[in-house]
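The values are calculated or read from the model by the stated rules, or taken from the named source; none is laboratory data. Fair warning: this is a prediction, and the values are worked out from it, not measured in the lab. Backbone-built Cβ (ideal geometry, glycine too); neighbour counts: all protein chains shown. Note: accessible area is taken over every heavy atom of the protein model, side chains too, but ligands, DNA and RNA are not part of it. Shrake-Rupley method; radii C 1.70, N 1.55, O 1.52, S 1.80 Å.
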Amino acid sequence: MGHRRSLARCALAATALLVSFAPTTPSGAVASVTLTGPTEIALGGTVQLVIDASPPGGSLSVTLEPLRLGATGAQRTKLAAPPVTFRVDGERITLTALETSAGVGDVVLRADYRQGGMLARARVALTVVEGNATAYRPQFGAGYAPLPRLAVPDHLETHATRGPGIRVHGAGETDPSSEDDLIEVELSVSHASFEYALRRSSAALAVWTTRNKVPGTQLAFTGNVTQGFALPGGTRTAWVEWTGAHGTAELSLEPAGSATPVDRVRFHTFHSIVMALGGESQVPSDPVDPNHGTFVVGLALYANGYDVFLYDEDNVSPTGAGSIYDEIVNAIQHRGVEQVVSFGYSHGGGSTYDLADRLDANRGSIGTFSIPFTSYVDSVENDSDTDTAMELRYPPSSLYHANHYQHGSFFEDLGLDGGPVPGSDPPPTGLDVETTPWGASATHFLVDDYQQVTDFIAANLDVRVTR
Amino acid sequence: MSTFLIAALATLAPLAQDAEREAYEPRLDADVQRVIHTCVHAATPAERDATLIELGTLARNDAPALVTQLFLYSEAATTTRDGMAFGLLREPLALRDADLLAALIPVFESSKPDLRRGAAGALSEFEGADARTPPDFGVYRAWVTEGRLRAGFARHLFTTSPAAALTLLESVQGAQTESKSNELSSARRALEAWQDRERRGVASSGAKHVLLTHLDTLRTHDAWWARAFVAAVLIEHPPLSRAGWLAKLQTDKHRLVRAITAP
């Protein structure tokens with residue numbers, strides 16, 4: 001992610017540069033002011049100002065300049081404005097960095113007896129610390145391929161639906177695609193000299209330092225905050241897992257000992273799973289082939305926050321069985337997925353039918369789910385790799401079905417065509433794109449790539465499917 | 001040795017010999033591949049027609065050989081146009097189902113998993129299975145009857161559908177006695193009943209017990225294909241396996257049973 005400058009992501013660092021002592025006052029009292037604790041503090045962090053005065057019982061005031069630090073004395077609440085007056089009884093004052101604008105500044109601390117002059121001064125240098133927590137879209141198998149490693153845009157990282165989605169890791173999860181339910185979060189800060197911690201808003205979030213959950217690499221939370229940890233070189237990768245029921249939760253990066261976040265991301269659990277099935281011999285790839293319209297749509301939906309899987313349609317057998325079906329059943333039974341989406345081109349359309357048919361036939365043993373969206377583009381039955389029959393059947397139990405097709409010619413595409421499917425959108429049977437100005441010259445091998453087609457699929461899916 | 005047993009062994013002998021043959025690896029014919037490519041990517045209708053005539057001549061001379069080339073062409077495809085070429089040219093070239101079977105069944109003996117998967121993908125339409133209908137291997141009856149069943153194809157049959165494979169082999173080999181036939185039918189019905197209940201989410205310990213009883217009986221059956229049926233069921237449904245059952249079948253005396261249970 002790019003360098004952050006927004007105030008919400010700034011942290012204040014304070015470095016004690018000088019501690020000076022004035023051992024006597026005009027009245028003969030003795031006092032000193034000492035900064036203790038960390039030599040640097042970040043936004044929300046604290047440093048203690050210890051005042052020793054003799055004889056006890058005198059009155060002492062403390063001035064904080066400029067007004068960027070709060071002060072908390074014994075039995076006092078946090079104050080943002082000086083001066084703060086104390087009875088001197090071996091007083092300790094805790095300074096809390098509240099906020100600062102970007103840049104570097106100084107704070108001068110003075111402790112004075114009312115009747116006397118300055119006793120001591122400590123100069124603290126303030127530095128802006130910048131940091132970021134960048135969440136990525138879901139993994140697939142041992143990495144991201146055939147999808148790209150795609151960061152959630154900064155402006156969406158706390159968005160309730162388009163922000164970071166995460167798969168529920170439920171009991172009995174079989175991980176058919178290996179341990180890929182963890183979401184990668186890259187932590188980065190401008191000042192590696194601090195220790196940082198992660199704060200979660202729900203115990204459903206578990207955090208690991210390894211993507212495969214190597215034993216001993218889970219971060220322990222106490223009161224939903226981890227212990228402080230270093231970010232050597234200013235960066236570290238965390239892997240976030242959702243172990244509870246459906247919901248949303250935030251994960252914040254903050255300086256250790258502080259409750260003020262440097263950055264935060266908001267996770268929402270996936271309620272749906274989206275299967276994009278290419279045509280015969282179309283294999284999903286990264287970068288996506290622009291001539292593989294189904295995968296172009298799938299990638300756009302993935303970037304928009306859906307849990308999308310790009311597949312070669314050969315992963316669906318004529319009975320609907322195969323790795324895609326297994327992935328869906330696992331998602332319904334162990335990840336709390338309630339909505340199943342499938343769309344495909346050519347044989348991928350035929351496989352969409354086969355998949356929906358098997359899901360519907362086995363509904364009783366699978367669990368509760370709906371199929372809110374399916375789509376064909378020039379769909380061809382997929383009873384075998386040599387099947388060239390039009391797929392004209394409506395996917396069983398689909399609540400909405402989009403259909404695009406063309407009629408071509410033998411010379412153009414050897415007569416390979418989809419066709420009308422009753423009950424489809426656009427009504428009543430879908431759209432023969434050759435009846436439109438933009439699709440008049442369509443062939444089977446072009447029809448999946450029209451932007452009008454891919455946009456139609458994405459837009460109609462988006463209004464019908466919960467992420 | 002009884003006359004009956006001698007007859008049974010004589011029937012099985014060709015199968016065993018077939019299984020010992022070395023692997024079959026289909027070879028690309030560069031000249032034919034060029035003609036197919038030109039046909040699929042023809043720049044003009046005339047070029048399409050000319051290449052179709054040329055391929056048609058090849059089909060009349062040796063249709064299975066042309067099917068093999070079409071199969072290999074589409075298997076190597078990276079575009080939908082090329083990937084669909086096999087299916088698209090089948091009708092214009094008047095290729096018969098028997099030509100496809102003759103060309104593709106031997107591919108199951110290939111050492112290349114992609115080709116074996118491709119053969120399964122091309123032949124699936126002859127098996128007639130969908131989400132609600134089990135496969136029927138009747139189309140392969142002549143092939144098996146002629147003693148051409150080899151290890152790779154046997155593995156395909158039994159792993160695709162143990163019940164359909166059992167039906168096919170029983171129809172070819174015969175169950176020898178009525179009681180054995182009833183035994184096989186009961187086992188098949190028990191599997192289907194159990195699978196149906198599992199599919200509908202109404203699992204029954206009774207149905208499972210009946211199936212396990214049949215599997216226990218058939219795992220030591222005289223006919224290798226009955227034992228192969230048990231092996232395939234256990235591989236497809238590992239929780240059904242009992243201690244030692246699968247291990248015993250992995251060292252079965254019949255090579256085809258061992259082939260089916262091989263990792």
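When A:Thr248 is evaluated against the numbered criteria (1) over 30 Å from A:Gly293 (Cβ atoms); (2) over 18 Å from the mean Cα position of the chain (by Cα); (3) of a type in the set (S, T, N, Q), which criterion, by number, is the only one it fails?
If we test A:Thr248 against (1) over 30 Å from A:Gly293 (Cβ atoms); (2) over 18 Å from the mean Cα position of the chain (by Cα); (3) of a type in the set (S, T, N, Q), just (2) comes out false.
Report, by residue number, each residue of segment A:384-397 that is crowded, with 23+ Cβ neighbours inside 10 Å and either acidic (Asp, Glu) or more than 13 Å from chain B (Cβ to nearest Cβ) (or both).
We begin by selecting, within segment A:384-397, every residue crowded, with 23+ Cβ neighbours inside 10 Å; these are A:385-386, A:391, A:395.
Listed by number, the residues that qualify are A:Asp385, A:Glu391.
Here is a list of conditions, (1) of a type in the set (A, V, I, L, M); (2) surrounded by 19 or more Cβ atoms within 10 Å (Cβ to Cβ); (3) in contact with an Asp or Glu (Cβ under 6 Å, 6 or more places away or on another chain), and A:Val283 meets all of them except one; can you say which number that is?
Among (1) of a type in the set (A, V, I, L, M); (2) surrounded by 19 or more Cβ atoms within 10 Å (Cβ to Cβ); (3) in contact with an Asp or Glu (Cβ under 6 Å, 6 or more places away or on another chain), A:Val283 violates only (2).
Under the condition of being of a type in the set (D, E, K, R) and within 14 Å of another protein chain (Cβ to nearest Cβ), which residue from segment A:421-456 is farthest from A:Gln406 (Cα to Cα)?
Filtering segment A:421-456 down to residues of a type in the set (D, E, K, R) leaves A:425, A:432, A:434, A:448-449, A:455.
Now drop any that are not within 14 Å of another protein chain (Cβ to nearest Cβ), which leaves A:448-449.
Numbers: A:Asp448: 10, A:Asp449: 12 Å.
Checked segment A:421-456; the qualifying residue farthest from A:Gln406 (Cα to Cα) is A:Asp449.
Do the conditions hold for B:Trp224, that is, is it closer than 24 Å to B:His156 by Cα and either among the hydroxyl-bearing types (Ser, Thr, Tyr) or within 14 Å of another protein chain (Cβ to nearest Cβ) (or both)?
Numbers: closer than 24 Å to B:His156 by Cα: yes; either among the hydroxyl-bearing types (Ser, Thr, Tyr) or within 14 Å of another protein chain (Cβ to nearest Cβ) (or both): no.
No: the conditions fail for B:Trp224.
Looking at the structure I just gave you, is B:Phe158 farther than 30 Å from B:Pro45 by Cα and aromatic (Phe, Trp, Tyr)? Even if it seems obvious, please write down each step before you answer.
Numbers: farther than 30 Å from B:Pro45 by Cα: yes; aromatic (Phe, Trp, Tyr): yes.
Spelling it out, B:Phe158 is indeed farther than 30 Å from B:Pro45 by Cα and aromatic (Phe, Trp, Tyr).
Checking the structure you have, find out if any residue of segment B:166-183 is more than 14 Å from chain A (Cβ to nearest Cβ), acidic (Asp, Glu), open to solvent by 10 Å² or more (accessible area, probe 1.4 Å) and part of a loop (DSSP other than H, G, I, E, B).
No, segment B:166-183 contains no residue that is more than 14 Å from chain A (Cβ to nearest Cβ), acidic (Asp, Glu), open to solvent by 10 Å² or more (accessible area, probe 1.4 Å) and part of a loop (DSSP other than H, G, I, E, B).
Taking only segment A:330-346 into account, find how many residues are at positive phi and open to solvent by less than 10 Å² (accessible area, probe 1.4 Å).
Here is the first cut: in segment A:330-346, the residues at positive phi are A:336, A:346.
Remaining after also requiring open to solvent by less than 10 Å² (accessible area, probe 1.4 Å): A:346.
Going through segment A:330-346 one residue at a time, the tally reaches 1.
Here are some conditions: (1) outside the structural domain of A:Ser281 (by TED's automatic domain parsing); (2) closer than 30 Å to B:Thr133 by Cα. A:Ser384 meets all but one. Which one does it not meet?
It fails just one condition, (1).
Which is exposed (fewer than 13 other Cβ atoms within 10 Å of the Cβ) and either under 20 Å from the mean Cα position of the chain (by Cα) or modelled with pLDDT of 90 or more (or both), of B:Ala163, B:Ala247, B:Ala259? Even if it seems obvious, please write down each step before you answer.
Values: B:Ala163 fails: exposed (fewer than 13 other Cβ atoms within 10 Å of the Cβ); B:Ala259 fails: exposed (fewer than 13 other Cβ atoms within 10 Å of the Cβ).
Result of the check over B:Ala163, B:Ala247, B:Ala259: B:Ala247.
If I ask for residues that are of a type in the set (A, V, I, L, M, F, W, C), within 12 Å of chain A (Cβ to nearest Cβ), in a helix (DSSP H, G or I) and open to solvent by less than 20 Å² (accessible area, probe 1.4 Å), which ones from segment B:116-157 would you list?
Within segment B:116-157, B:Ala119, B:Ala122, B:Leu123 meet the criteria.
crowded, with 19+ Cβ neighbours inside 10 Å and closer than 26 Å to A:Val329 by Cα, is that true of A:His169?
yes
Select, from A:Ser409, A:Ser441, the only residue that is at pLDDT below 95 and open to solvent by 50 Å² or more (accessible area, probe 1.4 Å). Outline the logic, then answer.
On the way: A:Ser409 fails: open to solvent by 50 Å² or more (accessible area, probe 1.4 Å).
Checking each option against the conditions leaves just A:Ser441.
Going by the structure shown, is A:His292 surrounded by fewer than 23 Cβ atoms within 10 Å (Cβ to Cβ) and not aromatic (Phe, Trp, Tyr)? Give the steps one after another, and end with the answer.
Working: surrounded by fewer than 23 Cβ atoms within 10 Å (Cβ to Cβ): no; not aromatic (Phe, Trp, Tyr): yes.
Answer is no for this residue.
Residue-by-condition table, conditions (1) over 23 Å from A:Val296 (Cα atoms); (2) free of Cβ contacts under 8 Å to residues at least 12 places away in the same chain; (3) outside the structural domain of A:Val296 (by TED's automatic domain parsing):
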site: A:Leu359; (1), (2), (3): yes, no, no
site: A:Gly364; (1), (2), (3): yes, yes, no
site: A:Asn403; (1), (2), (3): no, no, no
site: A:Glu434; (1), (2), (3): no, no, no
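I need every pair where a residue in segment A:406-420 that is within 12 Å of another protein chain (Cβ to nearest Cβ) has its Cβ under 7 Å from the Cβ of a residue that is loosely packed, with under 15 Cβ neighbours inside 10 Å, sequence separation at least 6 or different chains.
Correct list of pairs: A:Phe411/B:Pro45.
Hey, which of the helices (runs of 4 or more DSSP H) in segment A:269-371, taking only ones fully inside, have at least 2 residues that are closer than 25 Å to B:Thr160 by Cβ and away from chain B (no Cβ under 13 Å)?
Numbers: elements: A:293-303, A:323-334, A:347-361, A:363-366.
In segment A:269-371, the matching helices (runs of 4 or more DSSP H) lie at A:323-334.
Select from segment B:187-220 the residues that are open to solvent by less than 30 Å² (accessible area, probe 1.4 Å), without any contact (Cβ under 8 Å) to a residue 24 or more places away in the chain and under 25 Å from the mean Cα position of the chain (by Cα) and list them in ascending order.
B:Trp194
Tell me which of these A:Asp175 doesn't satisfy, since it passes every other one: (1) open to solvent by less than 40 Å² (accessible area, probe 1.4 Å); (2) modelled with pLDDT of 95 or more.
A:Asp175 satisfies all of (1) open to solvent by less than 40 Å² (accessible area, probe 1.4 Å); (2) modelled with pLDDT of 95 or more except (2).
State the number of residues belonging to segment A:242-268 that are outside any strand (DSSP E or B) and at pLDDT 90 or above.
Initial filter on segment A:242-268 (outside any strand (DSSP E or B)): A:243-247, A:256-262.
After this cut, where a residue has to be at pLDDT 90 or above as well, the list is A:243-247.
Of the residues in that region, 5 qualify.
So is A:Ser323 within 15 Å of A:Leu277 (Cβ to Cβ) and open to solvent by 10 Å² or more (accessible area, probe 1.4 Å) or not? Let's see the steps before the verdict.
Numbers: within 15 Å of A:Leu277 (Cβ to Cβ): yes; open to solvent by 10 Å² or more (accessible area, probe 1.4 Å): yes.
Judged against the criteria, A:Ser323 is a match.
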